[in-house]
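Sharing a structure below in structure tokens format, with a few things to ask.
The values are calculated or read from the model by the stated rules, or taken from the named source; none is laboratory data. Bear in mind that the values here come from a model prediction, so they are computed numbers and not experimental data. No Cβ is skipped: glycine too gets one built from the backbone with ideal geometry, and neighbour counts run over all protein chains shown.
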Ligand code: ATP
């Protein structure tokens, strides 16, 4: 990597629970969700500029390097609000699959907000960074908070929960990029199957009841995705049947499926065995942070 001033890790998230509880008058859906950060992360390299320009460099073919990039938008938001801030060059090493339900763009935006706060000694509190974050996307405040949290509203009203330690997940993705907007448009709220209750999962996290937690995973967004994309259903079945797997769910709006694994060794073995089966497959531990600055 060429010259840079700060390296920031932007961690992906998974949703252990996601229920759509209603639709607001402005068209946004109200959800109840449990977010958890995972070890899989992008690396962002930040370099101060002498002027007030922002540049983004990323080699991933589906990530725009222009003002549509969430990392760019995060830097622009701070520049607009902080008059004497200088510009920044941002290089993104993309590891998180794109449009995959893992919050990759949101994680990058969170990393830029936190990274610029450190780089320019802005001394913004975490709550202030989260208020900037929500202007960029509903998942950005959680990516700043990191660990585990219950999310309400559009996902931005957060109650921290104790994160899982020593738990590993296997992630698998068929290489499909699914638009979150499409999933919400095809959701039929009256067809939501048996109503679930988020309190079981919050209790499991608070009490550290891992095996019960793995049995109560739930994602209401699976209904439209599984019916349109049978391949996601097939991935769920494969992960369910793999040795060591103890709870399988699609994350966010998909198409990534995760499986909680009994051990790190079984997670790594499964990832190696599935290497040729999926476009993307990896084993990763849970993380207690969303953004790490080094
Ligand atoms: P969401 O639920 O917000 O759509 P996701 O995890 O499913 O999240 P992302 O990986 O954030 O999806 O990508 C969503 C879209 O955002 C993609 O179409 C991509 O082109 C665009 N995008 C903009 N900036 C970024 C970024 N820094 N990293 C990844 N995608 C980005």
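Quick check, is residue 196 outside the structural domain of residue 130 (by TED's automatic domain parsing), farther than 20 Å from residue 101 by Cα and either without any contact (Cβ under 8 Å) to a residue 24 or more places away in the chain or surrounded by fewer than 20 Cβ atoms within 10 Å (Cβ to Cβ) (or both)?
yes
Taking only the stretch 101-137 into account, find how many residues are surrounded by fewer than 24 Cβ atoms within 10 Å (Cβ to Cβ) and under 11 Å from the mean Cα position of the chain (by Cα).
0
Might you let me know whether the stretch 77-90 holds any residue that is more than 6 Å from the ligand (Cβ to nearest atom), closer than 20 Å to residue 139 by Cβ and touching a residue at least 60 places away in the same chain (Cβ under 8 Å)? So that I can check it myself, show each step before the final result.
First, the residues of the stretch 77-90 that are more than 6 Å from the ligand (Cβ to nearest atom): 77-90.
Subsequent filtering for residues that are closer than 20 Å to residue 139 by Cβ retains 77-78, 90.
From what's left, touching a residue at least 60 places away in the same chain (Cβ under 8 Å): none.
No, every residue in the stretch 77-90 fails to be more than 6 Å from the ligand (Cβ to nearest atom), closer than 20 Å to residue 139 by Cβ and touching a residue at least 60 places away in the same chain (Cβ under 8 Å).
What do you reckon, is residue 95 surrounded by fewer than 23 Cβ atoms within 10 Å (Cβ to Cβ), within 13 Å of the ligand (Cβ to nearest atom), closer than 26 Å to residue 18 by Cα and at pLDDT 95 or above? Please lay out each step first, then the result.
Numbers: surrounded by fewer than 23 Cβ atoms within 10 Å (Cβ to Cβ): yes; within 13 Å of the ligand (Cβ to nearest atom): yes; closer than 26 Å to residue 18 by Cα: yes; at pLDDT 95 or above: yes.
Against the criterion (surrounded by fewer than 23 Cβ atoms within 10 Å (Cβ to Cβ), within 13 Å of the ligand (Cβ to nearest atom), closer than 26 Å to residue 18 by Cα and at pLDDT 95 or above), residue 95 qualifies.
Restrict the check to the stretch 109-116 and report whether at least one residue is within 16 Å of the ligand (Cβ to nearest atom), under 23 Å from residue 28 (Cα atoms) and either in the same structural domain as residue 259 (by TED's automatic domain parsing) or in contact with a helix residue (DSSP H, G or I) (Cβ under 6 Å, 6 or more places away or on another chain) (or both).
The answer is yes, given that some residue of the stretch 109-116 is within 16 Å of the ligand (Cβ to nearest atom), under 23 Å from residue 28 (Cα atoms) and either in the same structural domain as residue 259 (by TED's automatic domain parsing) or in contact with a helix residue (DSSP H, G or I) (Cβ under 6 Å, 6 or more places away or on another chain) (or both).
Still on this structure, I have one more. Within the stretch 36-60, restricting attention to residues that are near the ligand (Cβ under 10 Å from one of its atoms) and farther than 30 Å from residue 214 by Cβ, which residue is nearest to the chain's Cα centre (by Cα)?
44
Would you check which residues across the stretch 159-181 are touching a residue at least 24 places away in the same chain (Cβ under 8 Å) and within 16 Å of the ligand (Cβ to nearest atom) and list them?
Within the stretch 159-181, 169, 171, 172, 173, 174, 175, 176, 177, 178, 179, 180 qualify.
For (1) within 16 Å of the ligand (Cβ to nearest atom); (2) touching a strand residue (DSSP E or B) at 6+ places or on another chain (Cβ under 8 Å); (3) under 17 Å from residue 97 (Cα atoms), each residue gets a yes or a no:
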{"residue": "228", "(1), (2), (3)": "yes, no, no"}
{"residue": "244", "(1), (2), (3)": "no, yes, no"}
{"residue": "247", "(1), (2), (3)": "no, yes, no"}
{"residue": "257", "(1), (2), (3)": "yes, yes, yes"}
{"residue": "260", "(1), (2), (3)": "no, yes, no"}
{"residue": "264", "(1), (2), (3)": "no, yes, no"}
{"residue": "274", "(1), (2), (3)": "no, yes, yes"}
{"residue": "285", "(1), (2), (3)": "no, yes, yes"}
